[in-house]
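Colleague: The structure follows.
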Amino acid sequence: MEIKWVEDFLSVVDTLNFSRSAKLRNVTQPAFGRRIRSLETWLGAELFDRSSYPCTLTPAGESFVPIAKEMLNQSMQARLVLRGQLAGAQSAVRFAMPHTLLLTVFPKLLSEIEKKIGAISTTVMAGNVHDAVMALVERNCDLLICYDHRQQGIALDTERYAVLSLGKEPLRPYVKTLPSGLPKYVLPGTPNDPQPFLSYSPYSSLSRIVEKALHSSPRRVHLFRRFETDLAEGLKSMAVEGHGIAWLPASAVAREIAEGKLTLAIAPNDSEALEQGLWCEEMDIRAYRRLDGANPDIDRIWNYLKSEHGGQ
């Protein structure tokens, strides 16, 4: 049995609505339903009467409510004890974020935070956006930092989670700089000469944003997919070696731009594309935390972030 199944169960106890609870738990309704079924299978009893609307607890469900609350409470207490929080030992603040933000934004952000509130112990879970969001939902991290865009928004309930904007991040097409200073490949390409495209994997959060930039452009882009990965750092390395055009966050290529290794994949004389920002998008960098639970370290970090970025 998994603790998240117990949390799912208690959520439905509160809402008596599977759809509402699935949304609150940031899980698709089919997946949420399977998790409740898994709990019922493990217990050997049906917990909800699904024949009525709203659903109601069965006698077994009624009996399981106080047990579930105690199980959840004991698991949380065990976590606190093992981390030394109840003993007064220093605990690590747990962050979750995509790999790109860990490599680009987080080191500087942590320096700013520690300059204001003092040194803190931290751990970071780096992965894709979905895993990072689920880490927050399932209480496996304290603070989530991720990109937000209208094509890839983070649907967290504002009654349960607080959110702050930490700034904007451009996403632009970059390519190797030739010795002449010109880009090796330029957009938009032609039907007879499509440009090599270094692409994010379809399940990557940045993939949809790039596709939007391409399909909404008033000038059609002609590309052929040469390489695919879900890591921006992998795409950057391929672009530096001249394998094609990669859409990358500006912070991820600041050094390569300064060193003359990468440049925009737009011809210097294409004033329309440069002035209108064709094939470019802008993302929001956001921080999230749960509203329930008290932790002095997290409160200090959040208050600092709010004072610095709350007006954005």
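Colleague: Looking at the structure I just gave you, is LEU102 at pLDDT 90 or above, open to solvent by 50 Å² or more (accessible area, probe 1.4 Å) and farther than 19 Å from TRP5 by Cα?
Modeller: Criteria met by LEU102.
Colleague: Let me ask something else. Mind telling me which of the residues ALA96, ALA92 ends up being in contact with a strand residue (DSSP E or B) (Cβ under 8 Å, 6 or more places away or on another chain), closer than 30 Å to GLU308 by Cβ and without any contact (Cβ under 8 Å) to a residue 40 or more places away in the chain?
Modeller: Criteria check complete, one pass: ALA92.
Colleague: Out of the helices (runs of 4 or more DSSP H) lying entirely within region 7-83, which hold 3 or more residues that are more than 18 Å from GLU138 (Cβ to Cβ) and over 29 Å from the mean Cα position of the chain (by Cα)?
Modeller: 29-43, 59-82
Colleague: Shifting gears a bit: For the subset of region 149-189 comprising residues that are at pLDDT 95 or above and among the β-branched types (Val, Ile, Thr), which member is surrounded by the most Cβ atoms within 10 Å (Cβ to Cβ)?
Modeller: VAL175
Colleague: Output the residue which, of all residues in region 192-250 that are open to solvent by 50 Å² or more (accessible area, probe 1.4 Å) and in contact with a helix residue (DSSP H, G or I) (Cβ under 7 Å, 6 or more places away or on another chain), is farthest from VAL105 (Cα to Cα).
Modeller: PHE227
Colleague: In region 275-295, which residues are modelled with pLDDT of 85 or more and open to solvent by 80 Å² or more (accessible area, probe 1.4 Å)?
Modeller: Selection gives GLU275, GLN276, GLU282, LEU291.
Colleague: From the list ALA31, ALA45, which residue is farther than 19 Å from MET134 by Cα, modelled with pLDDT under 90 and either open to solvent by 40 Å² or more (accessible area, probe 1.4 Å) or of a type in the set (A, V, I, L, M) (or both)?
Modeller: Unique residue meeting the criteria: ALA45.
Colleague: OK, next. Given the conditions (1) over 30 Å from SER180 (Cβ atoms); (2) modelled with pLDDT of 90 or more; (3) part of a helix (DSSP H, G or I), report the number of the one that GLU308 does not fulfil.
Modeller: So the condition that GLU308 fails would be (2).
Colleague: Which of the numbered conditions does ILE36 fail, given that it passes all the others? Conditions: (1) over 30 Å from TYR200 (Cα atoms); (2) free of Cβ contacts under 8 Å to residues at least 24 places away in the same chain; (3) open to solvent by less than 40 Å² (accessible area, probe 1.4 Å).
Modeller: (2) is the only condition that ILE36 fails.
Colleague: Separate question: Report yes if LYS116 is in contact with a Phe, Trp or Tyr (Cβ under 7 Å, 6 or more places away or on another chain), of a type outside the set (Gly, Ala, Ser) and surrounded by fewer than 19 Cβ atoms within 10 Å (Cβ to Cβ), otherwise no.
Modeller: So LYS116 fits the description; yes.
Colleague: For the condition at pLDDT 95 or above and either in a helix (DSSP H, G or I) or in contact with a strand residue (DSSP E or B) (Cβ under 6 Å, 6 or more places away or on another chain) (or both), what is the one hit in LEU206, LEU214, LEU198?
Modeller: LEU198
Colleague: May I ask you to list the residues in region 273-297 that are in contact (Cβ under 8 Å) with a residue 12 or more places away in the chain and charged (D, E, K, R)?
Modeller: The answer is GLU281, GLU282, ASP284, ARG286, ARG289, ARG290, ASP292, ASP297.
The values are calculated or read from the model by the stated rules, or taken from the named source; none is laboratory data. What you are looking at is a predicted structure, and each value in this text was computed from that prediction instead of being measured. Methodologically, a virtual Cβ is constructed for each residue, glycine included, from the backbone with ideal geometry; neighbour enumeration extends over all protein chains shown. Surface accessibility is based on the protein's heavy atoms, side chains included, excluding ligands, DNA and RNA. Shrake-Rupley method; radii C 1.70, N 1.55, O 1.52, S 1.80 Å.
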